[in-house]
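Q: Dropping a structure here in structure tokens format, bear with me for questions.
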Amino acid sequence: QVRVVESGGGLVQAGGSLRLSCLAFGNIFSIVDWSYYRQAPGKERELVATIIRSGATDYADSVKGRFTISRDNAKNTVYLQMNSLKLEDTSVYYCKALIGGGVYWGQGTQVTVAS
């Protein structure tokens, strides 16, 4: 059984930084892709960033230049470094891992950016 557990998040002032992390446990041969999504109240879940096994990354236009996704394959972990946070970044953030053909989601972590 595979589990994905998130950590990080919290309350930060606008312009500040936070780092999220996500760790996969269980019977894991390899994690193909990691992604972070976010969902604000009343809005659809949106893709924020993706990193594939080779390390190639892709970002939503709204976070380019401010967020950085990285991974540690040896630790089955992904990180999302969020800098220059804006009020509109306030959301619940979810990580997603593609493992052995299955899709696994983290439990979600709240990020709140205050003025």
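Q: Quick one: in the chain, what % of C-alpha pairs are over 20 Å apart?
A: 36 percent
Q: Summarise the accessible area of the chain (1.4 Å probe, protein heavy atoms) by the percent that is carbon and sulfur.
A: For the chain, the apolar C and S fraction of the accessible surface comes to 49 percent.
Q: Report ³J(HN,Hα) in whole Hz for each residue of region 65-75, in order, from the Karplus equation J = 6.51 cos²θ - 1.76 cosθ + 1.60 where θ = phi - 60°; Gly and Pro get x.
A: x, 10, 10, 9, 9, 9, 9, 10, 5, 5, 9
Q: Something else now. Cβ neighbours within 10 Å, averaged per peptide: list 90-101, 14-25 in order, most packed at the top.
A: 90-101, 14-25
Q: Show ILE69, ILE28 ordered by accessible area, largest first, where the area counts protein heavy atoms only and the probe is 1.4 Å. All intermediate terms of the calculation are to be shown ahead of the outcome.
A: Numbers: ILE69 5, ILE28 35 Å².
Reading off the accessible areas and sorting them downward yields ILE28, ILE69.
Q: Please work out whether region 5-66 counts as rounded, prolate or oblate from its C-alpha gyration tensor, where a ≥ b ≥ c are the square roots of the eigenvalues and a/c under 1.5 means rounded, while otherwise a/b larger than b/c means prolate and anything else oblate?
A: Cα axes put region 5-66 in the prolate bin.
Q: I would also like to ask the following. Which FRET efficiency, nearest 0.05, do THR112 and ASN27 yield, Cβ-Cβ r, R0 35 Å?
A: Given R0 = 35 Å and the Cβ-Cβ separation, E is 0.50.
Q: I've got another one for you. Using a cut-off of 25 Å between alpha-carbon atoms, which lysines can reach LYS86, once sequence neighbours fewer than 8 places away in the same chain are excluded?
A: Candidates past the 8-residue exclusion: LYS43, LYS64, LYS96.
Q: Please name which of SER91, SER54, GLY65 has its Cα lying farthest along the dipole of the chain towards the positive end, using unit charges on Cβ (Lys, Arg +1; Asp, Glu -1) and the Cα centre as origin.
A: SER54
The values are calculated or read from the model by the stated rules, or taken from the named source; none is laboratory data. A quick note: this is a predicted structure, and the numbers were derived from the prediction, not measured. Because the Cβ atoms are built from the backbone with ideal geometry, glycine has one as well, and the counts that use them run over all protein chains shown. Quick note on the areas: whole protein, heavy atoms, side chains included, nothing else; ligands and nucleic acids left out. Shrake-Rupley method; radii C 1.70, N 1.55, O 1.52, S 1.80 Å.
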